[in-house]
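The values are calculated or read from the model by the stated rules, or taken from the named source; none is laboratory data. All values derive from a computational prediction rather than experimental measurement. Counting neighbours? That spans all protein chains shown, and the Cβs are built from the backbone with ideal geometry, glycine included. Note: areas computed on protein heavy atoms with side chains; ligands, DNA, RNA excluded. Shrake-Rupley method; radii C 1.70, N 1.55, O 1.52, S 1.80 Å.
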Amino acid sequence: MWGNLILKLNTMAKNNPGIWVTAGLMIALPIAYTNCSAQMAFEMSEDSLRSALNSSGSVVINNGADYTNSKNVILNISHISATQMYITDDPTCASGGTWEPISDMKAWELKDRNQPVSLYAKFTNENQSSVESECLSDSIVHDDIAPTLSVVHPAAFTNLSNVEVAITSTDSGSGVAHSVCVDSQSNASVDCGAKLVVAAASEGAHAYDIAAVDRAGNKSPSQNVAFVVDRTAPTVALNLTPSKISNAASSEFRFSGADALAGIDRLECRMGTAPFAACASPLMQNHAQGAQHFEVRSIDRAGNISSPAVYDWTIDSSAPTVTITKMPSAFSNSAMAQFEFVGVDDGQPLSNFECRLDGAAASACTSPKNYA
């Protein structure tokens, strides 16, 4: 910067050597000087210098982050009037560092692990090194331990529309920030918090990788959650049944179930109006005489139940009775013979008969039956 130096010149009058005359001539000469706060310090007291150093400097770790999972950090340093800085782990700023030219950034390795860590800085000006700022500081929490994760797995097969997965995570350092759930099929990632909800889940296989992330950025090992959604009922088929009318007291049923997604979990059967109970094919049972009723159904691993396959049949183990109510005389001169008859089975009249004369083959007949 430039200023003006004013010189005043005195001269003696030529006509009167004994008389001094002050001339009105002034000469302005330019002189240079530097106007910076450090070099103007001679005009400031030590208290003023110290106050200026205290109010205009700062040290910030990792741009003001609260947490880090790395031992290596970056210090962001600023100061208006200082030219030297002293960085240390010592809260008194008395040891542990060296004076060095001030810079905007400095790499630093944290002394402590998995706890709050503080760094300290003081500043001075190289022309007034006896005057130092107070000890400034900044803190950050170091945490390089991953959180723990616990997942309540849903049923492997379900027929629910909305599937929920409970998530529990803990972290003793920086604390859990969130949980991340990644769809293994689409690779889409969602912040799932304490619960993963798959709403209106489509039928088919689903899988998610779930991990917890703490505030320092540490990520837990992922846990895979897989399940199959199946809301379609299975089918069941009867493969072998007794005759519709049988004289056998025992019966044999063969049956099978099918399901495309979840697969069959079990088969259930019942006779008559008894409750359904687990059964396996083939199923053989003994029965009393009379009308019989059988049902079988299949249940898949998602809990869907098929419509039952139903079969009705009759067991008749007692022979019918036939009575001839009219017949020819034991001795007759007629070439034609007529027979009339009735039959009963279990108190009910018979409608079907077979007849034969002498050693001929039996054939269907009705009453009356005539022979010529």
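Numbers for the structure displayed
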read-out	value
Most to least packed among 308-318, 67-77 [average Cβ atoms within 10 Å]	67-77, 308-318
Kirkwood Rh in Å, taken over the stretch 88-128 so that all alpha-carbon pairs contribute	12.0
Highest to lowest packing among 240-250, 147-157, scored as the average C-beta count within 10 Å	147-157, 240-250
Calculated on alpha-carbon atoms, Rg and Dmax of the stretch 191-300 in Å	23.5, 81
Highest to lowest packing among 121-127, 88-94, scored as the average C-beta count within 10 Å	121-127, 88-94
Helix axis angle, 46-55 relative to the chain longest principal axis, alpha carbon, degrees	20
Unit Cα scatterers, Debye sum, the stretch 239-284: log10 I(q)/I(0) for q = 0.23, 0.25, 0.28 Å⁻¹	-0.94, -1.04, -1.14
Residue-by-residue Karplus 3J(HN,Hα) for the stretch 275-291, coefficients 6.51, -1.76, 1.60, Hz, glycine and proline x	x, 5, 9, 4, 8, 9, 9, x, 10, 10, 9, 9, 9, 7, 5, x, 6
Bins of 10 Å, starting at 0 and running to the largest distance - Cα pair percent for the stretch 87-184	11, 28, 18, 15, 12, 9, 5, 1, 0
Built amide H within the under 5 Å cut-off of residue 246, gap 5+	314, 315, 316
Trypsin sites (Lys or Arg not before Pro) restricted to DSSP loop in the stretch 162-224 with at most 16 other C-beta within 10 Å	none
For residue 265, residues with placed amide H under 5 Å, excluding near neighbours	299, 300, 301
Cα convex hull of the stretch 49-114, projected area averaged across orientations, nm²	4.9
The chain - Debye-derived log10 I(q)/I(0), Cα point model, q = 0.13 Å⁻¹	-1.10
Percent carbon-and-sulfur accessible area, the chain, ignoring ligands, DNA and RNA, probe 1.4 Å	52
Ratio of the Cα radius of gyration of the stretch 260-309 to 2.2 N^0.38 Å, where N counts its residues	1.28
Rh (Kirkwood; distinct C-alpha pairs) - the stretch 151-236, Å	13.8
Cα-based Rg / Dmax (Å) for the stretch 250-372	24.9, 82
Share of Cα-Cα pairs in the stretch 174-220 lying beyond 17 Å, as whole percent	36
